[in-house]
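Notes for the one structure printed next.
The values are calculated or read from the model by the stated rules, or taken from the named source; none is laboratory data. Since this is a predicted model, take the numbers as computed values, not measurements. Cβ placement follows ideal geometry from the backbone for every residue including glycine, while neighbour counts extend to all protein chains displayed. Please note that ligands, DNA and RNA were not included when accessible areas were found on the heavy atoms of the full protein model with its side chains. Shrake-Rupley method; radii C 1.70, N 1.55, O 1.52, S 1.80 Å.
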Amino acid sequence: MTIAQVEVSPDHAANRVVVGQAVTEAERVRADLLVLPEYASGYDPRGVGIAHAEPLSGPFVTLLRERTARSSLTVVAGTVLPAEADVDDEAGVREPGSPARASNAVVVVRGGEVVGVYRKVHLYDAFGQRESDRLAGGDPAAPPLVVQVGDLRVGVMTCYDLRFPESARRLVDAGAQVLVVPAAWASGPQKVEHWRILAQARAIENTCAVVAVGQTGQGVSGHSMLVAPDGLVSIELGDDRAFRSADIDVDGILAERARNPSLENRRYGVVPLAHGES
């Protein structure tokens, strides 16, 4: 597994060069999984919206398809897609592809094909930000995105989802042993501490590994990390651009689940809320 903590700009062409470098590094170390940050196709710290959207047939995903076509590498990367539907409490549901808002999404690409797409459910309407002013949220009831990578089952969520334990638990209920969390985690007082504690909590309560990969640069926190299922942070990067690779041992995850059977001992499940419920 390779973590790519990179700086992302509004220049989509420049970002594709950076992503290509990350793929080259993952190939060099023979990684079977590369995780890139949220918004890896294009990012503006002032806000990301419809101007940054590309369809799945666009140049960003096309690059990932081309680069994985002749390898065993699986790439997980944040991007911005045209919205499938824009839900508005007062006006109802807009037509698919509405120009009003886009979707904050994560794509999973392997063997030259898109094998999964996750549209972010929890939009970042917190700490003075309003992601929902520009982006449409994903369907909470959509099937969880869990993919097989080697001998591991990998579940996909993104950024603000990390603050909601139900998101992680739903993926684990679907079989995930590893949670990948592409992010552009906003900087600010105690934000790195929140990022670290939440990643550790999601690992401990679900006895799974967590690969939390953040952007570096203006307005974001970096500090990408790999957390073991016992909560030990085995890798944590700093503020600068970096690539780091490590092995994730399925036997270690299974051993921790046997030692700490909290998933078996629980008495509550996860049920998605309908739009507008709280």
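Only bridges with both residues in region 123-278 count here: give the DSSP antiparallel percent, nearest 5. The antiparallel proportion sits near 55 percent.
With the Cα gyration tensor of region 121-278 giving a ≥ b ≥ c as the square roots of its eigenvalues, does the rule (a/c under 1.5 for rounded; else a/b larger than b/c for prolate; else oblate) give rounded, prolate or oblate? Before the final figure, lay out each step's value.
Details: a/c = 1.81, a/b = 1.12, b/c = 1.61.
Oblate shape, in that a/c is at least 1.5 and b/c is the bigger or equal ratio.
Given DSSP loops and a limit of at most 14 other Cβ atoms within 10 Å, what is the longest stretch of the chain that contains no such trypsin sites (Lys or Arg not before Pro)?
Working: sites that count: ARG30, ARG46, ARG70, ARG130, ARG266, ARG267.
No qualifying site falls inside 131-265, the longest such stretch.
From its DSSP helices (H runs of at least four residues, each -39,500 (n - 2.57)), the chain gives a residue-normalised ellipticity at 222 nm of -7000 deg cm²/dmol.
Only Lys, Arg, Asp and Glu count, each charged at its Cβ (+1, +1, -1, -1), so figure out the dipole size of the chain about its Cα centre, rounded to 20 debye. Provide the component values of the computation, followed by the final result.
Values: 27 positive and 36 negative charges, 76 e Å.
With only Lys, Arg, Asp and Glu charged at Cβ, the dipole is about 360 debye.
Computed over protein heavy atoms with a 1.4 Å probe, the carbon and sulfur contribution to the accessible area of the chain reaches 50%.
Taking only protein heavy atoms into account and a 1.4 Å probe, give the accessible area per residue of the chain in Å². Ligands and nucleic acids excluded, the figure is 45 Å² per residue.
If I take every Cα pair under 8 Å that is 6 or more residues apart in the chain, average their sequence separation and divide by the length, what percent do I get for the relative contact order? All intermediate terms of the calculation are to be shown ahead of the outcome.
Numbers: 633 pairs, mean separation 49.9, N = 278.
Contact order relative to length: 18 percent.
Looking at the chain, identify the longest residue range that excludes and avoids all GluC sites (Glu not before Pro) in DSSP loops having at most 12 other Cβ atoms within 10 Å. Mind dumping the intermediate values first?
Numbers: sites that count: GLU90, GLU277.
My reading of the result: 91-276 is the longest stretch.
For the chain, the alpha-carbon coordinates run over 50, 44, 38 Å along the three principal axes, in decreasing order.
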